[in-house]
Amino acid sequence: MNNLIIMPIIVPLIIGMAMVIFRRNIKLHKILSLIALAASGLIAVLLMGEIKADGIQTLHLGDWQPPFGVSMVADMFSSLLLLTTSIVAICCLLYAFRSIGEERESHYFYPLFLFLITGVNGSFITGDLFNLFVCFEVMLISSYVLISLGGTKVQLRESIKYVLTNIISSFLFLVAIAYIYAITGTLNFAHLSVRVAEAGQGGLLTIISILLLIIFSLKAALFLFFWLPGSYSAPPTAVAAIFAALLTKVGIYAIFRLFTLVFYHEPQITHFLIGILGAATMILGAIGAVAHWDIKNILAYNVIIGVGFIIAGLASFSIEGITGSVYYIIHDIIVKALIFLLGGTIISLTGTGKLKDMSGLIRTHPYLGWIFFIAALSLAGIPPLSGFLGKVFITHGTFEAGYYWLGGIGLMTSLMALYSVIKIFMNCFWGETFLSEEMMSGTTKGLMVPIACLSLLTILLGLGAEGLSSYTELAVETLMNPELYIHAVFGGQSTP
Amino acid sequence: METLMSLLVGLFFAIGTYLILTKSLLRIILGTSIISHGVHLLILTMGGLKTGGPPLLGLQDLPFTDALPQALILTAIVINFATTAIFLVLSYRAYKVLGTDDTDQMRGNHDE
């Protein structure tokens, strides 16, 4: 029992609700939201320390023993994601302070932002399938409002598609929960794992696992990504960046949790399917990224490539592959937020997203240019930046598992991703400067701070990967050994 | 009884799917609403229909009905209520701003 675990949900939720009362006081909103996110980051650090010392931490709400009550479980994988979430959210918030505009601020932008983080944090630490659904909904409902807040034509049009897609996938989630409850009689992850192992993962359970895979694929933009490019290019930059960084990763986290803890008995069916989906995602994403000439679309397709690559590590289902995925998911959260913030800054400077209408920005904005260059290299996994280690491990893992085609596609699409972002760099920053300083519509004043923080983080994460390795090893150990998780939840007692 | 419930769930899903595939926004929302009712009935059926007494402490001797599906459905109804409300508001606003509720005319292009 550890009451600290629920704090990353409670703190942003309570502070967000308090902020709704003080609607007019925007300054208070800004301060409180920073405090809430910093607190949730601090709690994640404390949790990581405790997990490293004493193993996986659990909390049974209301002291209802598992599997009867709702359990919260914090293992190293979820704590690492909690910490990354807080850091990236703070950076996006700092960017929003300067760019989001007074109208959105007075219409509860900051409380909604905190509710979004509440849902994301909740999804990472819940130990119950139905509670996962509830946390998903908290996150999604906040994202529905955030994506349409402001009410421009493009936003409204895209948000309707986004909302409808997600509502349908929520229904499918409930259907899957109903089926899984009928077969196993439980919804607790640890108990599900025990029961599925006892009964054997027969045809019915495999079908349900694939239904769950489809649902989470819709959320994670794994193969079913048709909704993503449109809806991620509609909202303002700070919102698009937090969406690109976090929302797809929550779906990926759910896939990882279920297919390492519960449905790991038939890897030749489920994990092979995951591999095929990952490969298709990478190829289609890369084609989209290369084909487009609009910054927002190129970046949105890069999100899709990243999803496919992380999933390739799971498909290999080896220690190497999963280690790579843990590194890469952390890297991907940071670098996607960074590159979306950079893209948004370029668009706000030039007033256009079309690559052919801009050039020569390096003369007026040298720092922006060089940071974009670093981010582009990091995205493609050039050493010593943070993407490198994850790429090496995932590629090695897929080769080890005999999925040479998957590793090969991963490497090929990395090159295509590099080409697509370098295309932005060359068209934006090289060439004749035909936009003079006065013609630029916006300024980068204050916007560079979060961008610089994130780019520093991607460099440090690449150079200091050694220091992170003791934590990622723990995360991978839990993911590869379901018994550790089950033992932590049931505390050594026999399972009913 | 289970067969009857399953047929009803199937009917709800069929009607909901038909409505979601139409072009008018309001019909789409009604479709999602109907599917959600089908989903709730499905959870009730899959959790096992009434087989015994209520799960109360004073009635320990009786075989009792599993109360969890009801709790799940209650939560799901609340969430569905919220999403439907948001969806309705959003589509009303979209109708006001875009001037149409026909999804065919909402495709638009990126140049706006």
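The values are calculated or read from the model by the stated rules, or taken from the named source; none is laboratory data. Just so you know, these numbers come straight off a predicted model, no measurement behind them. Here the Cβ is made from the backbone with ideal geometry for all residues, glycine too, and neighbour counts use every protein chain on show. For accessibility, only protein heavy atoms count, side chains too; no ligands or nucleic acids. Shrake-Rupley method; radii C 1.70, N 1.55, O 1.52, S 1.80 Å.
Data for the structure
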{"read-out": "Top-ranked residue in the stretch A:168-191 [being within 14 Å of another protein chain (Cβ to nearest Cβ) and over 20 Å from B:Gln70 (Cα atoms); ranked as nearest to the chain's Cα centre (by Cα)]", "value": "A:Ser169"}
{"read-out": "Helices (runs of 4 or more DSSP H) (entirely within the stretch A:359-413) containing at least 3 residues that are closer than 20 Å to A:His331 by Cα and modelled with pLDDT of 90 or more", "value": "A:366-380, A:387-400"}
{"read-out": "All positions within the stretch A:127-168 that are at pLDDT below 95 and in contact with a strand residue (DSSP E or B) (Cβ under 6 Å, 6 or more places away or on another chain)", "value": "A:Gly127, A:Asp128"}
{"read-out": "Filtered residues of the stretch A:343-384 (kept if of a type outside the set (Phe, Trp, Tyr), open to solvent by less than 20 Å² (accessible area, probe 1.4 Å) and within 25 Å of the chain's Cα centre (by Cα))", "value": "A:Gly343, A:Gly344, A:Thr345, A:Ile346, A:Gly353, A:Leu368, A:Ala375, A:Ala376, A:Ser378, A:Leu379, A:Ala380, A:Gly381"}
{"read-out": "B:Gln105 vs. criteria open to solvent by 70 Å² or more (accessible area, probe 1.4 Å) and within 11 Å of chain A (Cβ to nearest Cβ)", "value": "yes"}
{"read-out": "Those residues of the stretch A:243-273 which are part of a helix (DSSP H, G or I), in contact with a Pro (Cβ under 9 Å, 6 or more places away or on another chain) and of a type in the set (Val, Ile, Thr), in sequence order", "value": "A:Thr260"}
{"read-out": "Test: residue in the stretch A:101-117 that is open to solvent by 10 Å² or more (accessible area, probe 1.4 Å) and within 10 Å of chain B (Cβ to nearest Cβ)", "value": "no"}
{"read-out": "Those residues of the stretch A:311-357 which are in contact with a strand residue (DSSP E or B) (Cβ under 7 Å, 6 or more places away or on another chain) and among the small types (Gly, Ala, Ser), in sequence order", "value": "A:Gly353"}
{"read-out": "Residue count, the stretch A:236-255 (criterion: among the β-branched types (Val, Ile, Thr) and open to solvent by 10 Å² or more (accessible area, probe 1.4 Å))", "value": "1"}
{"read-out": "Test: residue in the stretch B:60-77 that is outside any helix (DSSP H, G or I), open to solvent by less than 70 Å² (accessible area, probe 1.4 Å), more than 9 Å from chain A (Cβ to nearest Cβ) and of a type in the set (Asp, Glu)", "value": "no"}
{"read-out": "Number of the condition not met by B:Thr22 [criteria: (1) away from every other protein chain (no Cβ under 11 Å); (2) of a type outside the set (Phe, Trp, Tyr); (3) open to solvent by 50 Å² or more (accessible area, probe 1.4 Å)]", "value": "(3)"}
{"read-out": "From the options A:Ala182, A:Ala190, A:Ala199, A:Ala178, residue that is free of Cβ contacts under 8 Å to residues at least 40 places away in the same chain and open to solvent by less than 10 Å² (accessible area, probe 1.4 Å)", "value": "A:Ala178"}
{"read-out": "Test: residue in the stretch A:68-79 that is under 20 Å from A:Ile486 (Cα atoms), open to solvent by 60 Å² or more (accessible area, probe 1.4 Å) and over 24 Å from the mean Cα position of the chain (by Cα)", "value": "yes"}
{"read-out": "Hits in the stretch A:454-495 - residues which are open to solvent by 60 Å² or more (accessible area, probe 1.4 Å) and either among the basic types (Lys, Arg) or farther than 20 Å from A:Ser78 by Cβ (or both)", "value": "A:Leu456, A:Leu460, A:Leu463, A:Glu466, A:Gln493, A:Ser494"}
{"read-out": "Residue within the stretch A:126-136 that is open to solvent by 40 Å² or more (accessible area, probe 1.4 Å) and touching a residue at least 24 places away in the same chain (Cβ under 8 Å) present", "value": "no"}
{"read-out": "Residue that is out of contact with any Cys (no Cβ under 9 Å at 6 or more places or on another chain), within 14 Å of chain B (Cβ to nearest Cβ) and either touching a residue at least 40 places away in the same chain (Cβ under 8 Å) or not in a helix (DSSP H, G or I) (or both), where the choices are A:Thr206, A:Thr165", "value": "A:Thr165"}
{"read-out": "Exclusive hit being open to solvent by less than 30 Å² (accessible area, probe 1.4 Å), within 14 Å of chain B (Cβ to nearest Cβ), within 24 Å of A:Gly344 (Cα to Cα) and in contact with an Asp or Glu (Cβ under 8 Å, 6 or more places away or on another chain), set A:Ile160, A:Ile147", "value": "A:Ile147"}
{"read-out": "Which listed residue, of B:Thr51, B:Thr45, is surrounded by 16 or more Cβ atoms within 10 Å (Cβ to Cβ) and either free of Cβ contacts under 8 Å to residues at least 24 places away in the same chain or more than 7 Å from chain A (Cβ to nearest Cβ) (or both)", "value": "B:Thr45"}
{"read-out": "Residue in the stretch B:79-90 that is in contact with a helix residue (DSSP H, G or I) (Cβ under 8 Å, 6 or more places away or on another chain), within 19 Å of A:Ala178 (Cα to Cα), open to solvent by less than 70 Å² (accessible area, probe 1.4 Å) and facing chain A (nearest Cβ under 9 Å) present", "value": "yes"}
{"read-out": "Test: residue in the stretch A:260-282 that is small (Gly, Ala, Ser), surrounded by fewer than 22 Cβ atoms within 10 Å (Cβ to Cβ) and over 18 Å from the mean Cα position of the chain (by Cα)", "value": "yes"}
